[in-house]
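See below for the structure under consideration.
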Amino acid sequence: MRYGNVIRFYSEGSKKYNFQTSRSEGSPKLLLEVMGNVTDMGVDRSKNLLDSISQGTKIVRLVEPVNFKWSYLTIDDSSKKYRLRTALKPLKNYSLLVGEDVG
């Protein structure tokens, strides 16, 4: 298995809403940058694991588990944000099922 994608984990904990300007202030904080393997999740597998058919779902495979709280991740240089749906610990490696953030 090739780990050819850059996975960046971010936290939004420092963002605050300013009532006077009606905008969020602060920027996300980069927590970790690791190499991983990313594949799209098929329709059949999505139905079996998540009990729904959803687009934009990806499987991210990492060598080490992520043992901290994170808000979202990005893949390579894409601006799309992915939120955690579920995590799996098979015999080898560590897998995250993430869905595209629509909000």
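The values are calculated or read from the model by the stated rules, or taken from the named source; none is laboratory data. Since this is a predicted model, take the numbers as computed values, not measurements. No Cβ is skipped: glycine too gets one built from the backbone with ideal geometry, and neighbour counts run over all protein chains shown. Only protein heavy atoms, including side chains, enter the accessible area calculation; ligands, DNA and RNA are left aside. Shrake-Rupley method; radii C 1.70, N 1.55, O 1.52, S 1.80 Å.
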Once amide H atoms are built 1.01 Å from N in the peptide plane, which residues 5 or more positions from residue 31, or in another chain, come under 5 Å H to H? 9, 10, 11
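Where nothing but the Cβ of Lys and Arg (+1) and of Asp and Glu (-1) is charged, how large is the charge dipole of the chain around its Cα centre, in debye to the nearest 20?
In debye, rounded to 20, the chain gives about 200.
Keeping all protein chains in place, calculate the accessible area per residue for the chain (probe 1.4 angstrom), answer in Å².
Details: 7130 Å² over 103 residues.
With all protein chains present, the chain gives 69 Å² per residue.
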The size of the Cβ-based charge dipole (Lys, Arg +1; Asp, Glu -1) of region 63-103 about the Cα centre, to the nearest 20 debye, is 220
